[in-house]
Amino acid sequence: MCNFVFNDVRRLPGGLPVAVIYCPKLPVSLNATLSTVETVYDTTVIVQCNSGFKLTDGRTSKTVLCLHNATWNDTAVDCQGF
């Protein structure tokens, strides 16, 4: 079962309706900033850890993408102190 969130409908030229797909809010800690809070399909978000913090894989930033199935391509976006 898919959990698509169609809470917005836009119209194409000619009046055809198109459902807009949204991903859920990213579970980001207070130790990071996001390049955008937009969650619509195909949005790219850069997660940047604050000074003194890193992602669990050791990087200080990561790019994530909202996919067509209303999920993010990666949700491991928690920055932790080191």
(Q) I'm checking my understanding of the structure. Among residues of segment 1-40 that are at pLDDT below 85 and under 17 Å from CYS79 (Cβ atoms), which one is surrounded by the most Cβ atoms within 10 Å (Cβ to Cβ)? (A) VAL28
Q. So which residues in segment 10-40 are in contact with a Phe, Trp or Tyr (Cβ under 8 Å, 6 or more places away or on another chain) and assigned to a strand (DSSP E or B)?
A. ALA19, TYR22, ALA32, VAL40
Q) What residue, among those in segment 41-82 that are small (Gly, Ala, Ser), out of contact with any Gly (no Cβ under 8 Å at 6 or more places or on another chain) and assigned to a loop (DSSP other than H, G, I, E, B), is surrounded by the most Cβ atoms within 10 Å (Cβ to Cβ)? A) ALA70
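The values are calculated or read from the model by the stated rules, or taken from the named source; none is laboratory data. In this text the structure is predicted, and so the values were computed from the model without any measurement. Counting neighbours? That spans all protein chains shown, and the Cβs are built from the backbone with ideal geometry, glycine included.
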